[in-house]
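The values are calculated or read from the model by the stated rules, or taken from the named source; none is laboratory data. Owing to the predicted nature of the structure, the values given are computational and were not obtained by experimental measurement. Please note: Cβ atoms are built from the backbone with ideal geometry, for glycine as well, and neighbour counts cover all protein chains shown.
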Amino acid sequence: MLTYHERPSSVTVACFVVAAATASLALKAQAPKFDVASVKPNRSGSPRSFAPSYRNGKFTAENVTLKTLLQVAYDIQISRIVGPDWIGVDRFDLAAKAPEELTANLLGPMLQLLLKERFQLTVHREIQEALVYDLVAAKGGVKLRAFDREHPPVVAHYTGGAIISGNASMSEIADALARHVGRPVLDKTGMDGKFFYTVNYAPLSAQAADNAVGSDLPDLFAAVQQQMGLKLESKKESIEVLIVDQAARVPTDN
């Protein structure tokens with residue numbers, strides 16, 4: 001019987017090359033991971049916390065809630081995160097190191113993967129009707145200054161109450177305010193660019209207000225209007241929320 005070995009056709013070779021290239025791209029597209037990470041419960045009872053920070057490949061957060069970590073991981077206002085009560089109460093310390101070549105824009109996917117591994121976390125997004133605040137320009141106009149790196153503003157020194165300040169876009173200002181009013185805040189100003197902002201106000205908590213030196217300060221809503229030229233209008237709107245379907249209260253071993 002005669003036998004022969006057929007040479008692979010150019011089509012077969014081309015298919016092999018495409019398949020290899022596709023596999024290579026798939027590997028590169030895999031979510032980046034932290035090289036090492038430690039996630040531990042913090043039971044100190046201390047009111048002091050250190051917000052999540054990412055610098056030179058190192059991510060740290062001390063005495064923060066799982067909600068705070070989810071806010072960073074999924075880039076969503078903390079008031080839009082729905083789940084069991086403990087995710088906004090229990091505290092954790094997190095320290096992780098990423099490959100040096102990875103940039104800060106990959107922090108979200110890395111942190112998502114870490115939280116899924118350590119907390120057996122499952123989440124999904126959906127649209128819900130919710131009470132929100134629309135951030136709009138107040139009558140008389142916005143009083144914020146455009147941020148100028150070459151000519152930074154002189155920051156006033158306050159003796160009482162609470163202060164929120166920084167250099168941010170309007171959407172970032174909305175995010176900052178949302179952490180203090182307990183509802184999502186939607187930027188409806190239509191203003192682009194970055195602004196220097198500061199607002200000094202009397203905390204809503206009676207206990208905090210009793211401890212404040214400046215008892216004659218306005219509440220946050222009045223301060224936003226008087227000092228920033230902005231207004232928080234209560235509305236009911238359809239917004240995207242992050243639902244925590246499952247999360248272990250104690251993270252797995254490091």
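For the stretch 130-153, name all the residues that are assigned to a strand (DSSP E or B) and either at pLDDT below 95 or of a type in the set (A, V, I, L, M, F, W, C) (or both). Give the derivation first.
Of the residues in the stretch 130-153, the ones assigned to a strand (DSSP E or B) are 130-137, 145-146.
Of everything in the stretch 130-153, those that are assigned to a strand (DSSP E or B) and either at pLDDT below 95 or of a type in the set (A, V, I, L, M, F, W, C) (or both) turn out to be 130, 131, 132, 135, 136, 137, 145, 146.
Any idea which residue in the stretch 154-167 is modelled with the highest pLDDT, counting only those that are loosely packed, with under 14 Cβ neighbours inside 10 Å and farther than 20 Å from residue 194 by Cβ?
Ranking the qualifying residues of the stretch 154-167, first place goes to 159.
Within the stretch 99-116, work out how many residues are in a helix (DSSP H, G or I) and surrounded by 15 or more Cβ atoms within 10 Å (Cβ to Cβ).
10
Looking for something surrounded by fewer than 17 Cβ atoms within 10 Å (Cβ to Cβ), within 30 Å of residue 58 (Cα to Cα) and assigned by TED's automatic domain parsing to the domain that holds residue 182 - is there at least one such residue anywhere in the stretch 130-148?
Scanning the stretch 130-148 turns up at least one residue that is surrounded by fewer than 17 Cβ atoms within 10 Å (Cβ to Cβ), within 30 Å of residue 58 (Cα to Cα) and assigned by TED's automatic domain parsing to the domain that holds residue 182.
Please work out if residue 60 is surrounded by 20 or more Cβ atoms within 10 Å (Cβ to Cβ), outside any loop (DSSP other than H, G, I, E, B), among the polar types (S, T, N, Q) and free of Cβ contacts under 8 Å to residues at least 60 places away in the same chain. I'd like the intermediate steps shown before the answer.
Working: surrounded by 20 or more Cβ atoms within 10 Å (Cβ to Cβ): no; outside any loop (DSSP other than H, G, I, E, B): yes; among the polar types (S, T, N, Q): yes; free of Cβ contacts under 8 Å to residues at least 60 places away in the same chain: yes.
Judged against the criteria, residue 60 is not a match.
Filter the stretch 63-80 down to the residues that are outside any helix (DSSP H, G or I) and at pLDDT below 95 and list them by number.
75, 76, 77 - these are the residues of the stretch 63-80 that are outside any helix (DSSP H, G or I) and at pLDDT below 95.
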